[in-house]
């Protein structure tokens, strides 16, 4: 696997929340995602467009009875990017902790 990298799109907490939520499920209904991350329809729609452009999200539209529905799924590439992003964040935290402990040991 390639070196862990931060994804610029996932630096936004809202987008990180969306992909993290979808990583734990398959094909979440738009309303459920909206309510879970606390966004309006228009705000979620904008984020879905942003995350769909690089292929991180898959969007499926259909009907339940006569009501239109939209389902969202985190694609395989989206899962890979999320994994790399989280690994890079963990690396930052670990390196910062190590640096802090080293500095503290020098001043003790």
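Run the quick spin-label model on residue 105 and residue 25: label points 7 Å from Cα toward the beta carbon, then report their separation in nm to one decimal.
4.6
Given Cα pairs under 8 Å that are at least 6 residues apart, what percent is the relative contact order of the range 31-79? Write out the running numbers ahead of the final one.
Details: 41 pairs, mean separation 13.2, N = 49.
It comes to 27 percent, rounded to a whole number.
With n ≥ 4 as the cut-off for DSSP H runs, can you work out [θ] at 222 nm for the chain, using -39500 (n - 2.57) per run divided by the number of residues, rounded to the nearest 500?
Result for the chain: -19500 deg cm²/dmol, rounded to the nearest 500.
Just to confirm the number: angle between the C-alpha axis of helix 13-23 and the first principal axis of the chain, 0 to 90 degrees, nearest 10?
Around 70 degrees separate the two axes.
Which option, [x] 1.52; [y] 1.87; [z] 1.37, is the value of Cα Rg over 2.2 N^0.38 Å that was calculated from these coordinates?
The listed entry that was calculated here is [z].
Roughly how far apart, in whole Å, are the Cα centres of the range 56-99 and the range 9-49?
9
Given the Cα-Cα distance of residue 80 and residue 59 and 0.36 nm per residue of separation, how much length would full extension add, in nm?
On the way: separation 21, 0.36 × 21 = 7.56 nm, distance 1.78 nm.
Extra length from residue 80 to residue 59 when fully extended: 5.8 nm.
List the relative contact order of the chain as a percent without decimals, with contacts defined as Cα pairs under 8 Å and 6+ residues apart.
Details: 99 pairs, mean separation 36.3, N = 108.
After rounding, I find 34 percent.
Only the coordinates and a few stated rules stand behind these numbers; no lab work does. This structure is a prediction, so every number in the text was calculated from the model and none was measured. For neighbour counting, all protein chains shown are included, and Cβ atoms are generated from backbone atoms with ideal geometry for every residue, glycine included.
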